[in-house]
Each structure stands twice: as C-alpha cells, then as structure tokens.
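As structure tokens, the structure follows; a few thoughts come after it.
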Amino acid sequence: MRWTMVVLASCLTSCLIAAGCVGGSSMAERQDEDVQSSLQYDSVPCDQLLANRNALAQQHNLPVTAKPSFSNPAMGFGPFTPDMRSKAKRDSDKASGEIDAMSRSIERRDCGKPKKKDSLALPGSKPAQS
C-alpha cells in the first residue's frame, strides 16, 4: 500500500511539472513571446508608426526606448517556473516588446529624420529653380 502511494505521488508530481511546461504558462515561454519581429512594422508609414509607438509607451507609462526584460530563474528551472507576474506586469512587458520592435523598424528606416537631398549640386552652388 505504501509503495503504491509513493508511485502515485511521484506520477502526480511528474504530471503537474509537465503540465506547467507544456501548457505554455511558464515564465520563460511567456517572456519569449514578448519579443517581436520589427519586420511586421516596416509596411506602416513612418508618421503613423511613430504615433503608435509613442501612444503605446504613454499608455503603459514606459519610455519609447523600452525593451523586453527577462527574469533569471535558477539554472535548468526556466521551463518549470510558473508565470506569477500580475496581469498589469504581463501587459507592460508585452508592450515593451512591441515598443522595441517598432523602435527597431523606425531606426532601420530612419523615420523621423530629415530626408537627404537627392540633388547632385556642387558644394557652394545654388540649386536650380524650376
């Protein structure tokens, strides 16, 4: 009887650990989901992207330079550490990932910077008027 209780308890513990890992509710998995690709924002016009990023940062009281953060669980326990963050913290971390992706797209495309002149005029000469 004792032996079966030990085996049953061991199986139950293993199932609970596996459920925490497989269910996508571990801290490591959820933090990885916060990191986003900036390529999805490359088709958004610069002025709209700047406005969206600034509004999202203001909504979550974050700087426009926000980046996703990661916890440092004990070695090997990352997939088994449940996500105990509050909903507000999870939302803020998700927004940080979106802000970072938008900022990378803005930086790559030089949004918000004055456009370069495409004229081939010599230095010191006046541009041709039409």
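Key figures
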read-out: List 84, 102, ordered by accessible area with a 1.4 Å probe, largest first; value: 84, 102
read-out: J(HN,Hα) series, region 53-66, from Karplus relation 6.51 cos²θ - 1.76 cosθ + 1.60, nearest Hz, glycine and proline x; value: 5, 5, 5, 5, 5, 5, 4, 9, 6, 10, x, 6, 9, 4
read-out: Residues with amide H under 5 Å from that of residue 36, placed H, sequence gap 5 or more; value: 101
read-out: Straight-distance crosslink candidates among aspartates and glutamates, where the alpha carbon sits under 12 Å from residue 113 and sequence neighbours closer than 8 are dropped; value: 47
read-out: Anisotropy class of region 30-72 from Cα gyration tensor, a/c 1.5 cut; value: oblate
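The values are calculated or read from the model by the stated rules, or taken from the named source; none is laboratory data. Note that this is a predicted model, so its numbers are computed, not measured. SASA here: full protein model, heavy atoms, side chains in, ligands and nucleic acids out. Shrake-Rupley method; radii C 1.70, N 1.55, O 1.52, S 1.80 Å.
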